[in-house]
1. May I have the extent of the alpha carbons of the stretch 34-113 along their three principal axes, as whole Å values ordered from largest to smallest?
2. So which lysines can residue 139 reach, going by Cα to Cα under 28 Å and dropping same-chain residues fewer than 8 places off?
3. Tell me, 176, 115 in order of fewest to most beta-carbon neighbours within 10 Å?
4. Could you list 114, 78, 57 in order of exposure, starting from the residue whose Cβ has the fewest other Cβ atoms within 10 Å?
5. Whole-Hz ³J(HN,Hα) for each residue in the stretch 145-155, computed from phi via Karplus 6.51 cos²θ - 1.76 cosθ + 1.60 with θ = phi - 60°, x for glycine and proline: what do you get?
6. Arranged by the count of other C-beta atoms within 10 angstrom, fewest first, what order do 210, 87 take?
7. Per residue and in Å³, how big is the convex hull formed by the alpha-carbon atoms of the chain?
8. Under the Kirkwood approximation applied to all pairs of distinct alpha-carbon atoms, what is the hydrodynamic radius of the stretch 161-212 in Å?
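Quick note: the coordinates plus some simple rules give every number you see, no bench work behind them. Everything numeric in this text was worked out from a predicted model, so none of it was measured. Here the Cβ positions follow ideal geometry from the backbone for every residue, glycine too, while neighbour counts run over all protein chains shown.
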Amino acid sequence: MMPLFGAGPAMPSRLELQEGAVLLHGFAALEAPTLLEEVERIASISPFRRLVTPGGYTMSVAMTNCGRLGWVSDRTGYRYVARDPGTAAPWPSMPAAFLALTARAASEAGFRDYDPDACLINRYEAGSKLGLHQDRDEKDAWAPIVSVSLGVPATFLWGGGGRSDPIRRLRVEHGDVAVWGGPARFVYHGIAPLKDALHPLTGSLRINLTFRKVF
Ligand code: SIN
Ligand code: FE2
């Protein structure tokens, strides 16, 4: 098995969640303004929208995507598609700054040569939440999820391999990056309802970038 944790330079703060999963506090703090500019550009092409689940529930988190593939949901199910169903055009391409950051974060967590083909962009407002779930619509069952928090802080719910396993509540702030893959790839996770707060760069919003290797 590949080594999971390289002996990289010490991070300001790094929390090992379990084998294959780490929370890197402040890892994206420097490039955060650039990432947010890119999000604005992407959303001007493929706007944020609230998707409907197969069960008919409208999600409180608004979403868009960039990259070769984008994650979508509707009454017929969850899937990855190469075109934005709203505009019928391909998703905006993945900015170089996104790729550079994710490769650096994945490598910090022990996953080399990370090459995500999808970036789901989540936009939370006060009260928005994401229920406990596994990311399991991807063919690649080892490559990590890289998840970047921007703007208003949130409570990240970190469970286990089973839905009813104990849940840790972790604060994720602007610039924090979570990476989970390998033996931790299918851990249940979610976001508690977002609190009313203000961030100088995003106002009352939290933005999350979730990178996945689908194929
Ligand atoms: C997700 O699980 O897709 C997003 C998690 C987050 O918003 O931090
Ligand atoms: Fe997820």
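1. 39, 27, 22
2. 129, 213
3. On the way: 176 24, 115 12.
Listing 176, 115 from fewest to most nearby Cβ atoms yields 115, 176.
4. 57, 78, 114
5. Rounded to whole hertz, the list is 8, 10, 10, 10, 9, 9, x, 4, x, 9, 9.
6. Working: 210 19, 87 11.
Least to most surrounded, the residues fall as 87, 210.
7. On the way: hull volume 24.7 nm³, N = 215.
It is 115 Å³ per residue.
8. Numbers: mean 1/r = 0.0746 Å⁻¹.
Final number for the Kirkwood radius of the stretch 161-212 is 13.4 Å.
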